[in-house]
Structure formats: structure tokens, C-alpha cells
Amino acid sequence: MNSSVKRKDRHYEIRLPFRQDNISLPNNRKVVEQRALSLARRFQKDEAFRKDYNGFMSDVLSKGHAKRVPEEEIPRKDGKLWYIPHHGVYHKRKKTIRVVFDCTSSFQGTSLNSELLQGPDLTNTLLGVLLRFRQEPVAVMGDIEGMFHQVKVPKQDVDFLRFLWWSDGDTNQPLAEYRMTVHLFGAVSSPSCANFALKQTADDNEGKCTTEVLNTIRHNFYVDDCLKSVPNESQAICLVKELKSVCATGGFKLTKWISNSRAVLASVPAEERAKEVKDLDLER
């Protein structure tokens, strides 16, 4: 990660950390194609599922997190290619769908996850984050939107992240080839790569912002959740503003803010507040 990290288009780009440099994988397209056809059959039986799934995939494509593979780049016979099957999982509480890319799916005894290094555990301990969160009276919490998807994968590795999908989600169309351009939710290496990029954001802003902001990025995040407490409201308002600005330099958007202070919440645009407090009357 140290040797491959680059900042490109306001996001960090990190290579997939393979166990070996000159990797060569078998072509598993046929197996993944069968999984896609099975998914199409489920779409025919469950219209709500089809609609939710299409909505998620359309969002991924519209944000540039995945792109269709150009026709001239589809054929590859050098082993630098892997297809990932995907399936939908509903959040039990929110009832929203997440399309999960199955990086554990194996073919001829190998899978993408078996070829990737997990990387160092760069996640702060939950106990440490919670204890620091309870130190001061004014609390703020925020969330990084789609954290893994904010870290790019360089062009030389994107064909290991191919998947099959239909143009415009229309299953009457032939399956087309797409590839992710970002680190995946489901890849064993993604948590380490995403945390590395977040901490790199702090390192690259050394001397450009307050030490408190840098320390917050380094010590007050539990994966994509920021939990921080400060002595007073004015300090909290400044911290939130500066945190958003610094994290944005690394491509990380901090949103879903919540606080035990009305003044702090009032300083955050309504669309960036947590769903639970968006409709709160801050004047009362």
C-alpha cells in the first residue's frame, strides 16, 4: 500500500494487495454467467427485489464506481482476469438493499479473496473509540459515505474486478461485461486499504490544519463512523466544519451528522444530518 498509493482526482488509488506479483487466474466467466442467469430468474419472480437491485446497480454505475468494459478490452488470455458473482442482501432494520460482490466464490480451487492479502488491521479498537467519545460533554457523530468505494483501484488491476450485468438492468438484453473501479465491499483487503487511505489523508494534511482534526481522523474513527466529544459547542462546530473539509481532500464525504447539541446540529446543512434528526425543530 505504501508503494502503490497515489492521489488521483481527489481520491486515493491503491493497488489490490495480491499474495504474489505475477498472478495468473483461471477464466471463471461461465460459472459467473450461470449465477447471473439464476439472478434473472429471481427477478422474474420478485418485482420489488428486481427494482431495488436495479436501483443499487444504477447508483454504482452513475457514480463511476463501475464501468462497462470497452469491446476491444474484453478478450484477455494472460490470467489477469477474474469475474465476481454478486447477490442482494437487505438490511434488517433499514430494509434497504446492498449488492454484495462474492469475492469468496471459488473456481478450480481459487477465489479472489484467497489470492489477496488481508493487510494490517488499521481499525481503531472499538473500546478505545468509545472511551474517548465519553471524555467531553459535547458529542458529535458522523459517517463516511460509501467508504470502500472512495478508494480507487488502478487500471492495471480493474480486470480482476469484472462482473456481469445487463445494460440498463434489462434482463431481455444479453449480459454485458463491467468492472469495478474501486475497492469492493466483500474483498478481504478492502477494510485495510480504506483505513490506510483515511490515515493517509491525515498524513497529507499535516501542517495544513489543526492537530485536533488530524488526531480525530487517526483515533476517533471506527471504520467509517466518527465519534468525537469536545468541551464546548463552538469548538464542536469548528471541528465538524474542518473535519468535513480535510476528509474531502481524500475523497471521503462525512455525512449523517448527529449531536447532543442543537447549536451543532443547526450548523450542519439539513441534508447532511442523520435521518433521525433531519426533521427536528432546532428552534424549540
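Within region 272-282, being at pLDDT 75 or above and either surrounded by 13 or more Cβ atoms within 10 Å (Cβ to Cβ) or closer than 15 Å to residue 240 by Cα (or both) holds for 272, 273, 274.
Checked against (1) of a type in the set (D, E, K, R); (2) over 15 Å from residue 182 (Cβ atoms); (3) without any contact (Cβ under 8 Å) to a residue 60 or more places away in the chain; (4) open to solvent by less than 100 Å² (accessible area, probe 1.4 Å), residue 45 passes all but a single condition, namely (4). Taking the stated definitions as given, is residue 63 more than 19 Å from residue 167 (Cα to Cα) and open to solvent by 20 Å² or more (accessible area, probe 1.4 Å)? For residue 63, the condition - more than 19 Å from residue 167 (Cα to Cα) and open to solvent by 20 Å² or more (accessible area, probe 1.4 Å) - is not met. Tell me, please, whether a residue that is open to solvent by 60 Å² or more (accessible area, probe 1.4 Å) and under 30 Å from residue 96 (Cα atoms) can be found in region 3-10. Yes; the residues of region 3-10 include at least one that is open to solvent by 60 Å² or more (accessible area, probe 1.4 Å) and under 30 Å from residue 96 (Cα atoms). Of all residues in region 114-127, those satisfying the criterion of being in contact (Cβ under 8 Å) with a residue 60 or more places away in the chain and open to solvent by less than 80 Å² (accessible area, probe 1.4 Å) are 115, 116, 117, 119, 120, 122, 123, 124. Here is the figure for region 92-120: residues that are under 20 Å from residue 274 (Cβ atoms), in contact with a strand residue (DSSP E or B) (Cβ under 9 Å, 6 or more places away or on another chain) and in a loop (DSSP other than H, G, I, E, B) total 1. Inclusion of residue 242 among residues that are within 26 Å of residue 276 (Cα to Cα) and in contact (Cβ under 8 Å) with a residue 12 or more places away in the chain is warranted. Within region 77-113, the set of residues being free of Cβ contacts under 8 Å to residues at least 40 places away in the same chain and open to solvent by less than 70 Å² (accessible area, probe 1.4 Å) comprises 88, 89, 111.
What are the residues in region 147-173 that are under 18 Å from residue 198 (Cα atoms), of a type outside the set (S, T, N, Q) and crowded, with 16+ Cβ neighbours inside 10 Å, if any? Within region 147-173, 147, 148, 149, 151, 152, 153 meet the criteria. Selection of region 233-268 for residues being open to solvent by 60 Å² or more (accessible area, probe 1.4 Å) and part of a loop (DSSP other than H, G, I, E, B) yields 253, 260.
The values are calculated or read from the model by the stated rules, or taken from the named source; none is laboratory data. The structure displayed is predicted, hence computed values, not measured ones. Cβ coordinates were reconstructed from backbone atoms using ideal geometry, including for glycine residues, and neighbour counts include every protein chain displayed. The protein model used for the area step is the full one, side chains on, heavy atoms only, and it has no ligands, DNA or RNA in it. Shrake-Rupley method; radii C 1.70, N 1.55, O 1.52, S 1.80 Å.
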